[in-house]
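The values are calculated or read from the model by the stated rules, or taken from the named source; none is laboratory data. This is a predicted model, so every value here is computed, not measured. Glycine gets a Cβ as well: all are built from the backbone with ideal geometry, and neighbour counts include every protein chain shown. Accessible surface is based on the protein model in full, side chains and every heavy atom, while ligands, DNA and RNA are left aside. Shrake-Rupley method; radii C 1.70, N 1.55, O 1.52, S 1.80 Å.
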Amino acid sequence: MKQVGIIVLLVLFAGQWWIPGKLIYDRENTLRHGKVLRFKTEPVDPVDIFRGRYVDLAFENTMVRVPSGQVWKRNEKVYAIVREHFDGYARIVNISRSRPASGLYFETKIENMQRLDNQLHVYVQIPFNRYYADEFIAPEIEKKFEDRDIEAWAKVRLLHGLAVLEELFI
């Protein structure tokens with residue numbers, strides 16, 4: 001009986017380290033080997049007492065037009081299919097319920113839907129919408145963004161459905 005308890009304790013101990021280790025490994029692997037894409041953004045600078053200073057990013061392209069016959073639900077898990085356009089910025093071009101076999105995509109959820117001109121417009125959540133900055137740098141970033149003509153973009157890496165924000169450029 002003691003041996004079973006020890007084995008269970010060891011399995012629980014290993015699991016406590018395996019789960020965060022796997023999360024860290026996946027993100028680091030994406031940063032090393034993921035495809036680099038540029039997403040156009042407009043930042044806002046909130047403060048969170050638990051998470052510190054960060055720049056909340058509002059991305060331009062979060063909407064996809066889908067055919068009217070398709071039925072989608074809010075908070076439904078989807079894959080956002082992404083393509084680089086001629087201007088060098090990435091855009092979401094489609095969504096899918098199943099994981100694409102190839103190409104650029106990331107896992108996300110449906111945030112909202114709107115019917116316009118007999119087409120359903122689906123808005124997806126962007127999983128890389130926060131850029132954590134040093135407490136002294138975040139206000140400087142916010143000041144730069146008071147000028148609305150400034151062009152800002154986020155350097156994001158995609159690999160196997162995981163998207164990781166690497167850097168913010170102003």
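Any idea which of (1) in contact with a Leu (Cβ under 6 Å, 6 or more places away or on another chain); (2) open to solvent by 80 Å² or more (accessible area, probe 1.4 Å); (3) among the hydrophobic types (A, V, I, L, M, F, W, C) is the one A154 doesn't satisfy?
Of everything listed in (1) in contact with a Leu (Cβ under 6 Å, 6 or more places away or on another chain); (2) open to solvent by 80 Å² or more (accessible area, probe 1.4 Å); (3) among the hydrophobic types (A, V, I, L, M, F, W, C), A154 misses just condition (2).
Collect the residues in region 59-84 that are more than 15 Å from L158 (Cβ to Cβ) and assigned to a loop (DSSP other than H, G, I, E, B), keeping them in residue-number order.
Within region 59-84, E60, T62, P67, S68, G69, Q70, V71, W72, K73, R74, N75, E76 meet the criteria.
Out of (1) modelled with pLDDT of 85 or more; (2) part of a strand (DSSP E or B); (3) of a type outside the set (A, V, I, L, M, F, W, C); (4) over 16 Å from G161 (Cβ atoms), the odd one out for E107 is which?
Of (1) modelled with pLDDT of 85 or more; (2) part of a strand (DSSP E or B); (3) of a type outside the set (A, V, I, L, M, F, W, C); (4) over 16 Å from G161 (Cβ atoms), only one is false for E107: (4).
Residue-wise test of (1) within 22 Å of Q119 (Cβ to Cβ); (2) touching a residue at least 24 places away in the same chain (Cβ under 8 Å); (3) open to solvent by 90 Å² or more (accessible area, probe 1.4 Å).
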residue	(1), (2), (3)
Q70	yes, yes, no
K73	yes, yes, yes
D87	no, no, no
N94	yes, yes, no
R97	yes, no, yes
G103	no, no, no
F106	no, yes, no
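Pairs only if they're at least six apart or on different chains, beta carbon under 7 angstrom, first in region 155-170 and under 11 Å from L31 (Cβ atoms) and touching a residue at least 60 places away in the same chain (Cβ under 8 Å), second among the aromatic types (F, W, Y) and exposed (fewer than 15 other Cβ atoms within 10 Å of the Cβ); list them, first residue then second.
Taking only residues 6 or more apart or on different chains, the pairs are K155/F169.
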